[in-house]
Structure formats: structure tokens, C-alpha cells
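A.B. asks: Have a look at the structure that comes next, please.
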Amino acid sequence: MTPMPGPRGDSVNEERVGLSLTEIARRIHSQEVSATHALEDVLEHIAHVDDTVNAFITVLRDQALQEAEAADHMLRAGHLLGPLHGVPVAVKDILTTAGIPTTAGSKILADWRPEQDATVVRKLRQAGAVIIGKTNLHEFAFGVTTENPHYGNTRNPWNPERVPGGSSGGSGAAVAMGMGYMAIGTDTGGSIRIPASLCGVTGIKPTYGRVSRNGCLPLSWSLDHIGPLARTAEDCARALQVIAGHDPHDPTSANRPVPDYLATLNQPIEGLTVAVPGEPFWEPIDPEVAEAVRQGIDVLAGLGARMVETDFPLADEIVAMQTAILFAEAAAYHHRWLRDCPDDYDPRVLAGLHQGAAIPAVDYVNAQRLRAILRDRMAEIFRRVDLLALPTTPVTAPEIGRAYETVQVGGGQLQLTRALTRNMSPFNLLGAPAMTVPCGFSSDELPIGLQIVGRPFEEATVLRAGHAYQQETDWHTWRPPADTTP
């Protein structure tokens, strides 16, 4: 089974919309292709496929064309703003954009036009990026399917009957379908890595505090992360280089130097110690997912990484910890809207917020105390190993409308939405950098992801391992067909 790229539309430059961020940036900066032409290809492709995929809530066609023309003018004058100069990128619609609707995928904020850009958006603009639009998401980022009753469901580019994952489902689908060369997502319990894995792209959740969250509507203030989704680890390294760094406007922002991620990207991984954790990451699991991930781990071993096994501390407490913290913090942020306009929420989101409001303070405090113990025990493990390697999700993309069901998977039962976060949320609790790279496909042509996790603030090592893996494999080059008619 070999999925092949589908047609991109007669007038769209088929080859260009499938390029990596790294390659389109090279061509724009060398003036081999203009930023305007690159953008026009992407906009035409959005017009061709997004009626079905529904990756975008807002497309900024006119504004983006003006920005691309300005980028070309600057390049002709010999002025390069930064590594993303002229490159069309998308932003999850939970990050504020000055004068542009920021809905958070909700009815409540449907008409909100913030006065300022989020710090991440400002940094993208300073690096020369052309922002093409705001991507769809699970309402207020509180869910993992991007089934959205207000703006429509986003569909998986590989099979439009399937979810793209979430909450950053629009960002994952947009990159997979060539509707942007990179998209920003957020990750509270897997919301970058889940859609990246289910849509067959690469995504990284950096260390907590590495990227400013100023201007990002919170889901859970102590678990939220911002990061890029793109085609390759190299693309993610370029994007992260732009958006990372201390921000005095974010009290949780880490005041630490940002390394040059590209400088070490091509260093070999020979000699790195990579641990493969056992429970709770491998059972139950779809056998096809397990096989693809184990083959991916074998590739890392073949590149000279020293593979070991490890237990994962407090595995039985992870779900309760994550639920108490995430749901309680979400309910605290939404307190006023829950009182004033509860009927404006998606009923599933509303139920989750009510659940969070009912969590006793003692449970929240004890979860945070247990979280500190988890961090200490994982620090002990990371003194012995450099990376962890494990499945991103134990299942491939569920069908739309069925993601909340419990199904037989491998040797056990899994509630599918919980399954999607099972291998994700431990690393939000830890605040550790975690990336997913495509590592195969199921027999029904759905992507599978390999997750690579590193020590806090060692994104460079995670990116290096992902890049080394992608130099040996071609899963990241596979493209969904453009004809995504259900």
C-alpha cells in the first residue's frame, strides 16, 4: 500500500504546494520564486480543497497578498527580514491577531477582534512570515477531535470520514494538504502532537515556558504550550527558532538562552541513549501502530542510538492528575461565561467545564503535589537517558462522530478520545519537549506517528533525533490525495 499524491487542481503549482517550509523559504529568498506566486498557489489550493477539509475559520486573502507583495519588494531591495520572509503560514485561531477575528472556535468570541497580536504572531511577522489565515480548532481547545458545531468539523486529509485530531486539527490538516508551509498549534494534553500524528505531519511541543503564551487564550495555564506543525523536523526547528525566547509579558516564560537549533540538527545521534517506556504507553494498542512504531525505534537504533527500556513513574496516577489540573484550570478561566452564557457552548465542552468546576480544591492541590513528585522521578530517569521513544497515539484517526465510543483495540478496550491523549498528557505534566514524526501507515491508509521526548529545554536533541530519523525514512514525504470528497 503506497498512498500517492492526488491532483492539486489544474492551475495550482502542484510541486510548490507540496514543498517543505525549508525549501520554499530557500526558493523565495533566492528569488527563484516570488513570495506572491508562492502565496497565490496556496490560496488557490485552499479554494480548491478547503470546502471539504475545513481547516480554516478565516482566510486573510487580501491582507496576505499585500504582505507577500511587500516581502517581494523588500527582497528586490536586498532586505531579508528573517528565516520565514515571504513564507505563507497559518495560525491557530486561539492566538490573538490585531484587528482580525480571534474566535477560539467558539460562538462566544465570534465577533472579537483583539487590539494586539499574540507574541508568537508578532515574532512570525518580524521574521517575515505571511499569515494566510486562522485555523479551525476544537472549541476553546477543549477536545481532541476538532468536531466543531460552530464552524464545522475539520476533516482528516487522508480520509474525510475521520477526525484530524485536535485541538489543533485545522493546523494539522492545513499543513498535510499543502494549505500552508507551517501552522502554529497549542498543546495542553497532546493538541499539537495528536493532529500532527493523525494527519501525517511533524509537530513539536517545546518545553513549558520556551515559547511565550502571551496573547493565547488559555485552556489550562500550567499545561498549555505553543509550537509548530510542519512537514519535517528541520521545518519545525526553523519555526521554533523564530517563536522561542523569553517574553516579559508572559510570567511563565523561561528566561533562558535559545540555542541555534539548526546548528546541531545534522549532528549524528550515535551514542545517544534512547529509552522505550513500557506501561502505560503500549497496552492496549492497535497492532499496526505498535509494529510501525517499533520499526521506527529500530531505525533510531540502526543510527547508533543505544536503546534501553524503562518504567514510567506514577503511571496509574497520570489520568487523574491531568484531569484534576486541566479541568479545574479550564473551569476557572471560563467561570464568567459559564455563569452568563452557558448555552453558547458545545454541550460536550460545557459538560467538561462543569466537571472542572466540581473538582474539589484539595484534589487540585494534591494533583499538583503529585505532579512535582512525577517531575523529580522523571529527572532521575533523564540523568540516565537522553530521549524517550514511544507511540504518539495507540490508534489511528477515529471516524467523525464515533471518537467518544469505547472500542476493542488490540488486547483491551479503549475510549477513543482518552486513547488519543493517553501517550500525550504525561509530557504536558512534565513540561518536557515532545515531537511526533510520521513513521508509517495502517492498512486503511491512515498515518501513524513516532513520539520522541527529551529533557526540559533540550529541544535541540529532540529535533536532531527526528531529523536523523527523517533522513533515513520517507514517511514525511507522503501526501494525501487532493480529492477529499467524502
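A.B. asks: Just to confirm my numbers, what's the Cα centroid distance between the range 295-336 and the range 203-242 in Å?
C.D. replies: So the two Cα centres are separated by 17 Å.
A.B. asks: Could you go through the range 246-256 in sequence order and give the Karplus-derived ³J(HN,Hα) for each residue, using 6.51 cos²θ - 1.76 cosθ + 1.60 with θ = phi - 60°, rounded to whole Hz, and x for Gly and Pro?
C.D. replies: 3J(HN,Hα) across the range 246-256, in whole Hz: 5, 9, x, 7, 10, x, 9, 5, 7, 8, 10.
A.B. asks: Could you give the distance between the Cα centres of the range 337-395 and the range 125-193, to the whole Å?
C.D. replies: Here the two parts' Cα centres lie 21 Å apart.
A.B. asks: When we measure straight from the Cα of Lys205, which lysines land under 24 angstrom away, once same-chain ones fewer than 8 places off are left out?
C.D. replies: Lys92, Lys123, Lys134
A.B. asks: Take each of the peptides 47-54, 402-409, 26-33, 168-175, average the number of other beta-carbon atoms within 10 Å over its residues, and list them starting from the highest. Please list the in-between numbers first.
C.D. replies: Details: 47-54: 20.0, 402-409: 14.1, 26-33: 15.8, 168-175: 36.1.
Highest-to-lowest ranking by the protection proxy: 168-175, 47-54, 26-33, 402-409.
A.B. asks: Add +1 for every Lys or Arg and -1 for every Asp or Glu among the other residues with Cβ under 12 Å from the Cβ of Ala330, and state the total. Before the final figure, lay out each step's value.
C.D. replies: Values: positive: none; negative: Glu139, Asp224, Glu329.
The answer is -3.
A.B. asks: May I pose another question? Rank Thr477, Thr393 by accessible area, highest first, at a 1.4 Å probe radius?
C.D. replies: Details: Thr477 70, Thr393 5 Å².
Ranked list, largest accessible area first: Thr477, Thr393.
A.B. asks: In whole percent, and with a 1.4 Å probe on the protein chains, what portion of the accessible area of the chain is carbon and sulfur?
C.D. replies: Details: 8590 of 17650 Å².
Here carbon and sulfur together make up 49 percent of the probe-accessible area.
A.B. asks: To the nearest 10 square angstrom, how much accessible area does Trp112 have with a 1.4 angstrom probe?
C.D. replies: Here the accessible area works out near 100 Å².
A.B. asks: Follow-up. Under a Cβ-Cβ cut-off of 10 Å, what is the net charge of the residues other than Leu350 that fall near it, where Lys and Arg count +1 and Asp and Glu count -1? List each step's numbers first, then the result.
C.D. replies: Details: positive: Arg348; negative: Glu139, Asp343, Asp344, Asp346.
Result for the local shell: -3.
A.B. asks: Compare the peptides 223-236, 364-377, 76-89, 417-430 by average per-residue count of other Cβ atoms within 10 angstrom and give them in order, highest first.
C.D. replies: Numbers: 223-236: 27.0, 364-377: 15.1, 76-89: 19.1, 417-430: 23.9.
In descending order of packing, they fall as 223-236, 417-430, 76-89, 364-377.
A.B. asks: Could you give the accessible area per residue of the chain, probe 1.4 Å, as a whole number in Å²? Each step should come with its number before you reach the end.
C.D. replies: On the way: 17650 Å² over 486 residues.
Counting only protein heavy atoms, the per-residue value for the chain is 36 Å².
A.B. asks: Net charge near Thr421: determine it from the other residues with C-beta under 12 Å of the C-beta of Thr421, scoring Lys and Arg +1 and Asp and Glu -1. Let's see the in-between values first.
C.D. replies: Details: positive: Arg193, Arg418, Arg422; negative: Asp187.
Result for the local shell: +2.
The values are calculated or read from the model by the stated rules, or taken from the named source; none is laboratory data. Everything numeric here is computed off the predicted structure, so don't read it as measured data. With ideal geometry, Cβ positions are generated from the backbone for all residues, glycine too; neighbour counts draw on all protein chains shown. Accessible surface is based on the protein model in full, side chains and every heavy atom, while ligands, DNA and RNA are left aside. Shrake-Rupley method; radii C 1.70, N 1.55, O 1.52, S 1.80 Å.
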